[in-house]
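Structure first, commentary second.
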Amino acid sequence: MSEEQQQSESRARPITDELRSFISSGWSPRPSGTPDRAPVADFAGARRDAVSERFPGERLVVPAGGFKVRSNDTDYVFRPHTAFAHLTGFGSDQEPDAVLVLEPRDQTDGGGHEAVLYFRPWGGRDSDEFFSDSRYGEFWVGARPTLADVEAEFGLTARHIDELKDAVGKDAGHLTVRVVRDADPEVAALVDAARATASVDVRPAAEEKSSEVTVEESSQGTETTAVDLDEELAAFLSTLRLVKDEWEIAQMRAAVAATHLGFDEVIAHVHDAVVKDRGERWVEGLFGLHARHEGNGVGYDSICASGNHATTLHWIKNTGEVNEGELLLLDAGVEVDALYTADITRTLPVDGTFGETQRRIYDAVYAAQEAAMAVIRPGVKFSDVHYAAIRVIAEHLHEWGFLPEGIDVEASLDKEHGQHHRRWMVHGTSHHLGLDVHDCALATRADYSDAELKAGMILTVEPGLYFKADDELVPPEFRGTGVRIEDDILVTADGYENLSAALPRSADDVEAWIARLRA
């Protein structure tokens, strides 16, 4: 018996037959009928069709993942694995431990795949689960959906999770089985066990990727490994999210609109952050309040960085003061219930007006962002967006005399022997955005940074300049100042749309925005 089981049993309360009978009786019946079909169901079905076409005749296992322990018997709020959410349409807090299996159909049945969702349905009020299971019981976590509920709402075949083991292992020797390995270690182990006992031996990957497995003949006659099988699936599912469908774009618009409200509230009440200790935490909490109210919560830990903290790219400690005369860099996004997140940054003068040097830095970053957005259209390489922005950054740094003696803009931009400008902007200008704040991260370089933009892609454009307080290569008035401007951009058929355009960007417009909200 594991230590966790021992602790659980030591705390268990007695269940008598009398309690079981009494607690299961006297309840009104559950509402009759099933949910309406979710608007996302058809879109998720089309995504599954694309996966089916890419992996014909193969069994594909995509787990939602389970709860993650925060401390002892307290879990973090559940969020399904991104690939699972994308292929099912499930959103926040749906459904822990569920597993989507795309089961290949026989060619006589039309081929393709049947989408089967294995999960733990509502257990009924006549079961001990109802009142004694703190993880799944209705008394503890609320009523769960039935098999019929899921089938009606999401257009999937639904089966009890207890049937998963047999389903994964069935005829495993006669077809290739792939699994999204990082979603759920227990499900990955289940697939590995099925592979190990299959008559066609595609051996499971070791726990560590560095332990390469023996190359064997797969059922398709090509030499591969379990690692290869699973990584190929993960990369394809990541690449599949690069181009958003109509439903996804609508979710992104909603996420951006909710984020705008959060920024407005921070600006309107920033004085409270000035007068309180650890004002950055106050900003974080205020944005988080609106994120949780307007959506599922924040899409990532908010960066609420005042003064020199803004020169730390991922400053999420948010322990500092917010002071008049400083700039506040707020990098934050609301994640809606469907799990799509915005990612917006504005750098705001705390007292409402940019200082002379602050404005010089801000205007340089704004010019870089304008240059980057100007090149966005289908057919342009993703990496070209960064090159457009970083050239403007290098030009300003050269103009200010910050580059080393003898290094001009072209020399600094040289990829082999230059890159001096990166001292003050070390990060890239863009990343894809969607279900994850850094979406499609497992796509190959050829499909991501080296690929051409396509209509329906959503990416950030976020140049910046960061002059740390102890940087002796810049004048004192520049030190301790960080500026980043970030917007969420939809690639359209003939150019782009700035989804976050309603949030002011230029220095003059930002000052007017602040003045209006504080009036």
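Which of the residues spanning the range 472-508 are part of a loop (DSSP other than H, G, I, E, B), farther than 18 Å from residue 305 by Cα and either in contact with a Cys (Cβ under 8 Å, 6 or more places away or on another chain) or open to solvent by less than 10 Å² (accessible area, probe 1.4 Å) (or both)? If the condition is that a residue be part of a loop (DSSP other than H, G, I, E, B), farther than 18 Å from residue 305 by Cα and either in contact with a Cys (Cβ under 8 Å, 6 or more places away or on another chain) or open to solvent by less than 10 Å² (accessible area, probe 1.4 Å) (or both), then 474, 500, 503 are the ones that fit. Of the residues making up the range 55-74, one or more are within 30 Å of residue 242 (Cβ to Cβ) and of a type in the set (Lys, Arg). Say whether the condition of being modelled with pLDDT of 95 or more, farther than 30 Å from residue 442 by Cβ and of a type in the set (Lys, Arg) is met by at least one residue in the range 50-72. Scanning the range 50-72, I find no residue that is modelled with pLDDT of 95 or more, farther than 30 Å from residue 442 by Cβ and of a type in the set (Lys, Arg), so the answer is no.
For every residue, the table says whether it meets (1) aromatic (Phe, Trp, Tyr); (2) over 25 Å from residue 359 (Cβ atoms); (3) open to solvent by 50 Å² or more (accessible area, probe 1.4 Å); (4) in a helix (DSSP H, G or I).
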{"position": "384", "(1), (2), (3), (4)": "no, yes, yes, yes"}
{"position": "389", "(1), (2), (3), (4)": "no, no, no, yes"}
{"position": "392", "(1), (2), (3), (4)": "no, no, no, yes"}
{"position": "398", "(1), (2), (3), (4)": "no, no, yes, yes"}
{"position": "417", "(1), (2), (3), (4)": "no, yes, yes, no"}
{"position": "446", "(1), (2), (3), (4)": "no, yes, yes, no"}
{"position": "450", "(1), (2), (3), (4)": "no, yes, yes, no"}
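Applying the selection to the range 301-351, what residues are in a loop (DSSP other than H, G, I, E, B), over 30 Å from residue 40 (Cβ atoms) and among the hydroxyl-bearing types (Ser, Thr, Tyr)? Matches in the range 301-351: 312, 319.
Per-residue answers, yes or no, for (1) farther than 22 Å from residue 295 by Cα; (2) of a type outside the set (D, E, K, R); (3) in contact with a helix residue (DSSP H, G or I) (Cβ under 6 Å, 6 or more places away or on another chain):
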| position | (1), (2), (3) |
| --- | --- |
| 26 | yes, yes, no |
| 34 | yes, yes, yes |
| 38 | no, yes, yes |
| 47 | yes, no, yes |
| 61 | yes, yes, yes |
| 67 | no, yes, no |
| 93 | no, no, no |
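For the range 325-339, a residue qualifies if it is over 18 Å from residue 263 (Cα atoms) and either open to solvent by less than 10 Å² (accessible area, probe 1.4 Å) or charged (D, E, K, R) (or both), and the qualifying residues are 337, 339. Just one residue in the set 469, 502 is touching a helix residue (DSSP H, G or I) at 6+ places or on another chain (Cβ under 8 Å) and farther than 19 Å from residue 365 by Cβ; that residue is 502.
Taking first residues from the range 33-61 that are in a helix (DSSP H, G or I) and partners that are open to solvent by 20 Å² or more (accessible area, probe 1.4 Å) and among the charged types (D, E, K, R), the Cβ contacts under 9 Å between residues at least 6 apart in sequence or on separate chains come to 41/153; 43/245; 43/246; 46/245; 47/245. If you filter the range 90-106 down to residues that are small (Gly, Ala, Ser) and open to solvent by less than 10 Å² (accessible area, probe 1.4 Å), you find that the one that is nearest to residue 68 (Cα to Cα) is 98.
Results for (1) small (Gly, Ala, Ser); (2) under 28 Å from residue 68 (Cβ atoms); (3) at pLDDT 95 or above, shown as yes or no for each residue.
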position: 108; (1), (2), (3): no, no, no
position: 137; (1), (2), (3): yes, yes, no
position: 147; (1), (2), (3): no, yes, yes
position: 153; (1), (2), (3): no, yes, yes
position: 158; (1), (2), (3): yes, yes, yes
position: 197; (1), (2), (3): no, no, no
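Mind listing whichever residues of the range 307-325 are farther than 20 Å from residue 425 by Cβ and of a type outside the set (Asp, Glu)? Scanning the range 307-325 gives 317, 318, 319, 320, 322, 323, 325. Against the list (1) open to solvent by 60 Å² or more (accessible area, probe 1.4 Å); (2) within 25 Å of residue 364 (Cβ to Cβ), the condition residue 454 fails is (2).
Can you pull out every residue in the range 342-396 that is on the phi < 0 side of the Ramachandran plot and of a type in the set (Gly, Ala, Ser)? Of everything in the range 342-396, those that are on the phi < 0 side of the Ramachandran plot and of a type in the set (Gly, Ala, Ser) turn out to be 342, 355, 364, 367, 368, 371, 372, 374, 383, 388, 389, 394.
The values are calculated or read from the model by the stated rules, or taken from the named source; none is laboratory data. Keep in mind that this is a model prediction, so the values were computed, not measured. So basically every Cβ, Gly included, is an ideal-geometry build from the backbone, and we count neighbours across all protein chains shown. When the accessible area is computed, the model is the full protein with side chains, heavy atoms only, and any ligands, DNA or RNA have been set aside. Shrake-Rupley method; radii C 1.70, N 1.55, O 1.52, S 1.80 Å.
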